[in-house]
Each structure stands twice: as structure tokens, then as C-alpha cells.
1. Scan segment 1-20 residue by residue and report those that are modelled with pLDDT of 75 or more, within 24 Å of Gly128 (Cα to Cα) and small (Gly, Ala, Ser).
2. Taking segment 282-320 on its own, how many of its residues are of a type in the set (A, V, I, L, M, F, W, C), surrounded by 14 or more Cβ atoms within 10 Å (Cβ to Cβ) and more than 23 Å from His335 (Cβ to Cβ)?
3. Taking Tyr327 as meeting all but one of (1) over 25 Å from Ala20 (Cβ atoms); (2) touching a Pro at 6+ places or on another chain (Cβ under 7 Å), write down the number of the exception.
4. Which condition number in (1) surrounded by 16 or more Cβ atoms within 10 Å (Cβ to Cβ); (2) closer than 30 Å to Ala276 by Cβ; (3) of a type in the set (Asp, Glu) is the one that Asp137 fails?
5. When you check Glu237 against the structure, is it within 27 Å of Leu153 (Cβ to Cβ), charged (D, E, K, R), surrounded by fewer than 20 Cβ atoms within 10 Å (Cβ to Cβ) and more than 18 Å from the chain's Cα centre (by Cα), yes or no?
6. Pick from Asp268, Asp273: which is in contact with a Lys or Arg (Cβ under 6 Å, 6 or more places away or on another chain), more than 21 Å from Val142 (Cβ to Cβ) and either modelled with pLDDT of 95 or more or among the aromatic types (Phe, Trp, Tyr) (or both)?
7. Are there any pairs with C-beta distances below 7 angstrom linking a residue in segment 234-248 that is closer than 10 Å to Val214 by Cα to a residue that is at pLDDT below 95 and part of a loop (DSSP other than H, G, I, E, B), with the two at least 6 apart or on different chains, and if so which?
8. Return the residues of segment 185-224 that are under 21 Å from Leu153 (Cβ atoms) and hydroxyl-bearing (Ser, Thr, Tyr); say none if nothing qualifies.
Amino acid sequence: MVHEPSPGARPLPGHVLDAAIDWCIKVAYNKPAPQTRRAFEHWLQADPLHQEAWQRLTALRGPFGQVPAPLVTDALHRLDSQRRARRLDRRNGLKLLSLGGLSVMVGVVGEPHVPWQRLVADTATRIGEQRALDLDDGTRLVLNTDTAVSVQLAGAERVITLRRGEIQITTGADAAHRHRTGRTRPFWVVTPVGQMQALGTRFTVRLAAARARVSVQEGAVALHPGGKPHTIVRPGESRWMSETQTLPADLLGLEPDAWADGVIAGHDMRLADLLAELSRYRPGHIGCDERVAGLRVSGLFHVKNTDQVLQLLAQTQPVDIVYRTRYWVTVAPAHRPDPHQKKVRQGEGIDELVRLDR
């Protein structure tokens, strides 16, 4: 099953998609001059279609975060040349972007979590989207932001393949199969680094780089990293699983399953860790100045409105929220504004500092 970058979204005009790719090369993977930044901001604000194209492109760029910029730039250049030379249907442009540099990225850096995962999954969520599914065996499956999974319930085993992102699973009783055969089928979750067997349980699984984090709320989960002998994870425990081993996971003050209720929850979190978590629910970039990265934060933060969370932080912490564009935000130390500084609205200039009203 193939999933568009945004379910039900309209096809983008060819010239808009071409321009978005050009700007991605100039702005996202190079060091643009001030006049280039201003030109990009002018293009972005000129038409809602431009913002939509940039948002879709940003969503696909997310998994390339740890790939060296020259490799991504080269892939984008090659993609753009191929699309223009072959006069490809622009409607497939975003799909091609996700595949254009795949051989380079996988071959050179070994990164398994690239956008093609969404295209081959049975179901997927966009950045900021969450979705709950009730499966035929009674299992409850919740997908977090930017997640892709495949589901196989027809065989002798029940298998969920997590291709990217994060899920919560509450395993079902498999009542129909048990009624027919007198037994319940094994329940497996397959990840790029190994597999795990649910032992009548509720748990979360999150992919991050070359490992998977498993957090158990009820029951138990047996981990099989790379086919090795398993480790049992019990309620209240979290472990990282790589291809070769499992290790205890430091949750950094975060509650691992709070996202299933639409919130980031935690106690005594570093501000930098909270912002890194918040950035998963927002296209673009949230940066944290090193001078405030160690501030401690506790509470519940709703993920459906990330701007509201940022404003709350500005009201409760000694920080300012600086918008250079809608998609580029920095949390910096608070300071008294210069009374002579020109006040501008968000989006009027990429090089102007735009701050939320305190």
C-alpha cells in the first residue's frame, strides 16, 4: 500500500514542487547568505501552496537528520536533474525525493529509517499526527507522530512490523483464533534491529537511529536482539535494544507512554530534552541555546499545539522564543527588549527577531 506524504492532500503544481526542492538545496543543506534567506522567506509567504510544499518537504527531510549534508544535497541535485530530464509527473515528486538518495544514504551511513518506509507501510502518520487502530484480534495499536507500521494477522503468528517512529500496543486476546484452534497465536513486533515477543501486555516501542526502546506498562516483553537469547522487560522497565545487545534506558525524566494521551509528561526534565521531544510533533526545527539547555522543567505539555507550549515556556521560564520563520524556532535566554528595536510580525523577515508577547 502506498501512502502520499499527506493523506488526501491535493497534488502540488510542478513549478511549486520544483521551487521547493531548489530552496531545500539552498537553505536547508547549505549556508545561505542573508539575501538568500530573505528571498526564501518572501517565496514562502507569497502563496499557501508554497508553505504546503515546504511542509511536505520538511516532513520527508526529518529522517535525514543524521545523514551528512553533502550526501543529501547530492541526492537532491540528482533528483532534480532526473525529474527535469525525464519530465516526470510532478505528482510523484515527493515520493521520488524519498527514494532519490536512498542507495547513497543506506550504503554509506547505514541509516535504516528513511522516508521510503512510509511508502511500503500498511498505515502511517505524518509529523504531528497520532492514530489509534483496533485490530481484528482485539489488539489496540496507537501510532505516534511520523510513524509507519505493517500488520500481518493472517498467519500462524501475529506480527507488527515497526518501520519508523513509535507505537503503543495493547495485545488482544485473539479470541476468534482461540475459539477455532484452542490456542492463542504468538504476538511479535519486528524492528530493524531485532524482534520482541509480547507476553500478554501493554508496551511502547520507539525507533531511534540504530536501536529500539521498549517500555513496558503491563505484562512482559521478551527481547531478541539480532536473534540473540532474549531479555525479559517487566512493568516499569525500559530498555534499548540494538542488533547485538540490550541496555537499560534512561528516560531523561519523560514518561514513555504519556504521548498516547496526547501529552509530553515528565518531572525534572532538561529543557533541551523537552524541546527535542516537542520537535517531533512540529515540522521544521526547534533549537535550544546552550545557555538555557540545562533548565529543569516538570509538567504536562500538549502536543497538538506546539506554539502554545513554546509560549507557556516563555511565560514560566527565563527564556525568549525567537521565530526566524514559522519552521525555524530557537529558545534563547530572556533579555529586556531594546525599546528602539523595530517590532515586526512573525514571517515579515527571516533575519528579524520575532518574539512572542510575554
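1. Ala20
2. Matching residues across segment 282-320 total 2.
3. (1)
4. With respect to (1) surrounded by 16 or more Cβ atoms within 10 Å (Cβ to Cβ); (2) closer than 30 Å to Ala276 by Cβ; (3) of a type in the set (Asp, Glu), Asp137 is out only on (2).
5. No: the conditions fail for Glu237.
6. None of the others qualify; the one that does is Asp268.
7. Met241/Val193
8. Matches in segment 185-224: Thr191, Thr201, Thr204.
The values are calculated or read from the model by the stated rules, or taken from the named source; none is laboratory data. A quick note: this is a predicted structure, and the numbers were derived from the prediction, not measured. Heads up, the Cβs are rebuilt from the backbone with ideal geometry, glycines too, and the neighbour counts pull from every protein chain shown.
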